[in-house]
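Presented below is the structure to which this report refers.
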């Protein structure tokens, strides 16, 4: 008969333990929610504070472009037929101060572009991949030709392959 009073004592202890676990889970869940929403770190002074001596970021400068003369070159299409490419392009420069240097080197740039275009086959210019390869090759050639000016991109205005 002693088993009866022992079970009576364990029931209140079980409810108290369950209430304690529920309260602990509620506190942990609330704390995690406050932490991940950024409220708790701000209350504890751990939030990112702007530095008063930090300089304000400058607005990016608009890009500078230089037009290339229109280029027309015959492609290396073999003896069966003649293929041509017509190219209108712009050079994007890193700084506006580089315009004079690029204009001075323009004959060299045109020569390099013409020479490269004459060695291309019509198949190499097909599709987006061909246009991308052409852009990368022209950019690699124009860089050393206009140094110390820096060309950041070659932009195609018109590209016709016949």
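The values are calculated or read from the model by the stated rules, or taken from the named source; none is laboratory data. Please read all numbers here as calculations on a predicted model, not as lab measurements. For neighbour counting, all protein chains shown are included, and Cβ atoms are generated from backbone atoms with ideal geometry for every residue, glycine included.
Observations on the structure shown:
- One residue alone among 97, 119, 92 is in contact (Cβ under 8 Å) with a residue 12 or more places away in the chain and within 26 Å of the chain's Cα centre (by Cα), and that residue is 92.
- Residue identified as within 14 Å of residue 87 (Cα to Cα) and surrounded by 14 or more Cβ atoms within 10 Å (Cβ to Cβ) among 157, 110: 110
- Among the residues of the stretch 148-162, the one identified as farther than 15 Å from residue 99 by Cβ and outside any strand (DSSP E or B) is 162.
- Meets criteria (within 21 Å of residue 158 (Cα to Cα), touching a helix residue (DSSP H, G or I) at 6+ places or on another chain (Cβ under 9 Å) and surrounded by 11 or more Cβ atoms within 10 Å (Cβ to Cβ)) for residue 92: no
- Qualifying residue in the stretch 66-73 (condition: surrounded by 15 or more Cβ atoms within 10 Å (Cβ to Cβ) and under 17 Å from residue 136 (Cα atoms)): yes
- On the stretch given as the stretch 11-49, residues that are in a helix (DSSP H, G or I), at pLDDT below 75 and exposed (fewer than 10 other Cβ atoms within 10 Å of the Cβ) total 2.
- Index of the failed condition, residue 141 passing every other in (1) touching a helix residue (DSSP H, G or I) at 6+ places or on another chain (Cβ under 9 Å); (2) more than 25 Å from residue 62 (Cα to Cα); (3) assigned to a helix (DSSP H, G or I): (2)
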